[in-house]
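The values are calculated or read from the model by the stated rules, or taken from the named source; none is laboratory data. On a predicted model such as this, the values are computed, not experimentally measured, just so you know. Note that we place each Cβ from the backbone using ideal geometry, even for glycine, and neighbour counts take in every protein chain shown.
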Amino acid sequence: MGITIWRAVRSAAGLMVGAALFAAAAEAAPSTIYTNDFDGNINCGVTCGPIGGSDAALGTPAPFSGNERVTNGLTPISVTLSNLPAHDSVSLSFLAHLFNTWDGINCCTDVFAVSIDGTPVFQAIVAGGGGGTTDYDGDGVAPFTAIPAAVLLPTVSPLGLDLGNEPKLQSIPHTASSLTVTWFCNNTFAGCQGDDSMGIDNLAVSINAVTTPPSVPEPAISALVGLGLIGLAARRRKQTN
């Protein structure tokens with residue numbers, strides 16, 4: 001009986017492993033659909049509309065390079081991507097350059113913000129040449145939050161941010177077939193003016209595409225199948241004896 005039962009158990013284990021592999025295959029697979037370094041290198045895997053703002057070479061030090069996409073505090077930068085494949089979330093990666101007179105918390109508080117389809121997904125109050133107190137959380141409520149060391153670019157003046165790994169910009173729930181990303185000065189505190197200039201560089205947009213594997217038994221069902229095989233093997237041995 002030992003060999004027969006072992007074979008039955010091994011078969012059941014194989015079913016369970018197979019189900020686990022299929023489940024892993026069902027997880028989201030990241031896919032970059034748009035990149036732009038604003039130096040003429042654009043890769044677009046979907047239908048990509050024009051991006052707002054204008055290219056400008058400001059001599060901003062690395063990791064910026066060449067041109068960046070620039071606008072002022074009254075004119076947002078926006079891009080629309082359409083004909084997206086099935087997906088359940090999107091992720092953004094970019095560098096941000098905030099210059100001239102971005103104010104922290106003071107009389108003219110400015111809020112740097114990013115939205116997806118009109119809904120803000122990231123915002124920060126930052127002092128980029130205009131003084132005031134920084135609040136990276138963006139709500140303007142004490143206790144105020146400093147810019148994380150992993151985000152702040154100390155060589156960029158007056159303020160540079162590396163938002164390539166910002167958690168709020170990763171795996172943002174989204175399923176629509178089109179996507180509009182906008183960078184802007186959120187006028188929550190009525191501080192945005194034409195001299196609140198911003199630039200973005202090294203932009204990448206990714207989606208987590210959903211794959212649909214063939215239907216497989218649930219792990220619990222696989223376990224029951226394995227137990228059934230063991231029972232059959234034991235019954236066969238009993239009949240043989």
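Among residues of segment 93-125 being touching a residue at least 60 places away in the same chain (Cβ under 8 Å) and of a type in the set (Phe, Trp, Tyr), the one that is surrounded by the most Cβ atoms within 10 Å (Cβ to Cβ) is 102.
What's the total number of residues in segment 167-182 that are in contact with a strand residue (DSSP E or B) (Cβ under 8 Å, 6 or more places away or on another chain) and free of Cβ contacts under 8 Å to residues at least 60 places away in the same chain?
Here the count works out to 1.
Checked against the criteria, residue 92 does not count as in a loop (DSSP other than H, G, I, E, B) and among the hydrophobic types (A, V, I, L, M, F, W, C). In segment 173-203, which residues are among the β-branched types (Val, Ile, Thr) and surrounded by 21 or more Cβ atoms within 10 Å (Cβ to Cβ)? Those that are among the β-branched types (Val, Ile, Thr) and surrounded by 21 or more Cβ atoms within 10 Å (Cβ to Cβ): 181, 200.
For every residue, the table says whether it meets (1) among the β-branched types (Val, Ile, Thr); (2) touching a Pro at 6+ places or on another chain (Cβ under 8 Å); (3) in a strand (DSSP E or B).
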position: 61; (1), (2), (3): no, no, no
position: 96; (1), (2), (3): no, no, yes
position: 99; (1), (2), (3): no, yes, yes
position: 112; (1), (2), (3): no, no, yes
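In segment 75-90, the residue that is nearest to residue 185 (Cα to Cα) out of those that are surrounded by 16 or more Cβ atoms within 10 Å (Cβ to Cβ) and hydrophobic (A, V, I, L, M, F, W, C) is 77. Return the total of residues in segment 155-190 being within 17 Å of the chain's Cα centre (by Cα) and not small (Gly, Ala, Ser). Total satisfying the criteria: 18. Of the candidates 81, 153, 95, the single residue that is in contact with a Gly (Cβ under 6 Å, 6 or more places away or on another chain) and at pLDDT 95 or above is 153.
Yes/no per residue for (1) over 26 Å from residue 150 (Cβ atoms); (2) polar (S, T, N, Q):
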residue	(1), (2)
62	no, no
68	no, no
80	yes, yes
96	no, no
103	no, no
117	yes, no
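Here the condition is being among the basic types (Lys, Arg) and at pLDDT below 95; of 10, 69, it holds for 10 alone. Would you be able to tell me the number of residues in segment 69-87 that are within 20 Å of residue 206 (Cα to Cα) and not small (Gly, Ala, Ser)? The number of residues fulfilling the criteria is 9. Residues of segment 80-114 that are among the β-branched types (Val, Ile, Thr), within 25 Å of the chain's Cα centre (by Cα) and either farther than 24 Å from residue 62 by Cβ or not assigned by TED's automatic domain parsing to the domain that holds residue 58 (or both): 80, 90, 111.
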